[in-house]
Amino acid sequence: MKIVLGAEEGRRTLLRRRPPGETPLPPEVWRRTLEAVGHVANVEEAVRRIIRDVREQGDAAVLRYTAAFDGATYSTLRVGTDEIRAAYDHVDPDVVDALRTAAESIRSFHEEQRRHAQQSFQRDGVGVQVTPLARVGLYVPGTAVVYPSSMLMTALPAKAAGVAEVLVASPPGPDGRVAPLKLVAADLAGVDGVFRMSGAQAIAAFAYGTESVPKVDKVCGPGNVFVTLAKREVFGDVGIDALYGPSETIVIADESADPALCAADLLAQAEHDELATPILITISREIADRVGAEVERQLKLIEREAVARASFEARGGAVVVDSLEEALALANEFAPEHMCLLVRDAASWAKQVRNAGGVFVGEDSPESLGDYTAGPSHVMPTMGTARFASPLGVQDFLKATSVVAVDAKKLRALGPAAARIARAEGLTAHARSIELRLGEEL
C-alpha cells in the first residue's frame, strides 16, 4: 500500500481528484461501444447518440443497445409479475429473511425522515405545499455483482415519500433476465415496475418514454460512466438526483486504531470497483505500515482480490499527517462519500465532519453496516459533491409549490409596496394588476 508523508503530498497525490470521464474506458468496452454506436470520438458523443436513438426509435433502440452492451437478447422490456414471483424460488430463504430485515430498517428510517422532511405550511395566507413526485425511474446497477441492497436503498425512500409509481431499470444477464435477488428486493420494496435495460439507453427511456417505458418525472440512482453522462445529458428534460462516481472511503485513524479493522473497512470499498478510492489518513506512521500489511494479508482472503488490489494500486494508500485536526481538515477538503472515524472519542471528532456523504463513528459502526441494514440510503454523493449534496433520501422525491392565498386585508397591507416596486422596475402591468384590486383609479 502506498504511503505518503504530509498533507501537501497527500493533496498532490492520493487526494487529487480526477474529473468525470477522464479515465479512458477499458479497450473491450470501447470496442463494443464503437460496434454499437458507430464512429464516435469519445464516450460523451456515444451517450448523446444513444439518447438520440432512444428518443427517435423507442423500444427498438433500447433493445438493440442493451443486446450490444450486455449480450442479452429478449423482446420484452418489462419484467412480468410471474417472473418476479418465481424469483423467490431461486434465492436462499435465509437471504430473503435478511433482505426483509434490511427493508424494514431502511423503510423505518425513511418513514421517520419523511416526518421530519419539509412539510406544508401556511402563514397569513402564504405558504408552501409539499407533494411527492408522481412517477420516478430508478437505476439499479450490477450484473457481475448483484446489488439487491441498492434496490432497497433507492426504492424505499421513494415509497416513504409517497411517490405514486416507482419504476426500476436494471441490466439483464446474458439470459435476458434480471437477477432473482434484485427481483425479490424489488418486490419487498413495493416497486411498481421493473424493466430489463441498462446504461444510457435506460436513462433515455425513462427521460423521454418509449412504447413500453413510461416517461418519468425524475431519474435517480448510481451507475457506470454511461449512466452518469446520460443523466447529465437529460437533466432539464427530466429531474435527476445527482451524478455519482466510483465508491470512495476515507478512514481516519489514530494510534489506538485496530489495523485489522482499518484494512477491512478500506477493502470493503476497494472490492466494489477497480476505480474505487480507499484511503487511510493517520497520525501514526506505524499504524500506516501495519494497515498496509493487513491490507496485503486480507486481500488474499476475499473473492474479489483482483478488483480490490487494482483499486489500491490505482487510487488507494495512506497519508500520514501531524494531527487529527489536520486529518479532519484534509478529509473535509476531499469530501468523501464515506468517512470512517477509528479514533479515540470518535463522537467528539464527528462534530468536526463538514463534508461527507456519511460518517461512521467508532469501531462498532462499520461503513458496511450502512451499506445494508443501518437505515439511511447507501446512495451517497461522490466526486467531492458532499460539499453541497446529501445522500439519497425522502427529500429527493418531494417537491414544494409556493401557495399565495391572502385575504383582502393582507392584500391592502402588502399591495401598495408591491405596486411601487413594479412601477420602479418599469413593469406597469404588474402594478396595475395589484392597483385594480386595491380600487385605485387607473
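The values are calculated or read from the model by the stated rules, or taken from the named source; none is laboratory data. These numbers were taken from a predicted model, which means no experiment stands behind them. Cβ coordinates were reconstructed from backbone atoms using ideal geometry, including for glycine residues, and neighbour counts include every protein chain displayed.
In region 142-158, which residues are over 20 Å from L369 (Cα atoms) and either surrounded by fewer than 23 Cβ atoms within 10 Å (Cβ to Cβ) or modelled with pLDDT under 95 (or both)? T143, A144 - these are the residues of region 142-158 that are over 20 Å from L369 (Cα atoms) and either surrounded by fewer than 23 Cβ atoms within 10 Å (Cβ to Cβ) or modelled with pLDDT under 95 (or both). Being surrounded by fewer than 16 Cβ atoms within 10 Å (Cβ to Cβ) and assigned to a loop (DSSP other than H, G, I, E, B) is a property that V178 lacks. Among the residues that make up region 34-50, is at least one of them over 28 Å from G245 (Cα atoms), surrounded by 13 or more Cβ atoms within 10 Å (Cβ to Cβ) and at pLDDT 90 or above? The answer is no, given that none of the residues of region 34-50 is over 28 Å from G245 (Cα atoms), surrounded by 13 or more Cβ atoms within 10 Å (Cβ to Cβ) and at pLDDT 90 or above. One residue stands out in region 84-119 among those that are without any contact (Cβ under 8 Å) to a residue 40 or more places away in the chain and outside any helix (DSSP H, G or I): the one that is surrounded by the most Cβ atoms within 10 Å (Cβ to Cβ), namely Q119.
Within region 201-218, is there a residue that is of a type outside the set (A, V, I, L, M, F, W, C), touching a Pro at 6+ places or on another chain (Cβ under 7 Å) and either farther than 22 Å from E363 by Cβ or crowded, with 24+ Cβ neighbours inside 10 Å (or both)? No, every residue in region 201-218 fails to be of a type outside the set (A, V, I, L, M, F, W, C), touching a Pro at 6+ places or on another chain (Cβ under 7 Å) and either farther than 22 Å from E363 by Cβ or crowded, with 24+ Cβ neighbours inside 10 Å (or both).
Close contacts from region 3-19, counting a first residue that is touching a residue at least 60 places away in the same chain (Cβ under 8 Å) and a second that is of a type in the set (S, T, N, Q), with Cβ to Cβ under 8 Å and a gap of 6+ residues or different chains, come to V4/T13. Of the residues in region 68-80, none is without any contact (Cβ under 8 Å) to a residue 12 or more places away in the chain and either under 24 Å from the mean Cα position of the chain (by Cα) or assigned to a helix (DSSP H, G or I) (or both). Taken residue by residue, region 207-218 has at least one member that is assigned to a helix (DSSP H, G or I) and farther than 15 Å from M153 by Cα. Taking every residue in region 182-196 that is in a strand (DSSP E or B) and pairing it with any residue that is polar (S, T, N, Q), at least 6 positions away or on another chain, the pairs with Cβ-Cβ distances below 9 Å are V194/S170; F195/S170; F195/S212; R196/T66; R196/T76; R196/S170. Only a single criterion out of (1) part of a loop (DSSP other than H, G, I, E, B); (2) under 20 Å from G193 (Cβ atoms); (3) out of contact with any helix residue (DSSP H, G or I) (no Cβ under 8 Å at 6 or more places or on another chain) is not satisfied by V145, namely (2).
Take V128 and tell me if it is in a strand (DSSP E or B), in contact (Cβ under 8 Å) with a residue 40 or more places away in the chain and surrounded by 13 or more Cβ atoms within 10 Å (Cβ to Cβ). Here the answer is yes, as V128 does meet what is asked.
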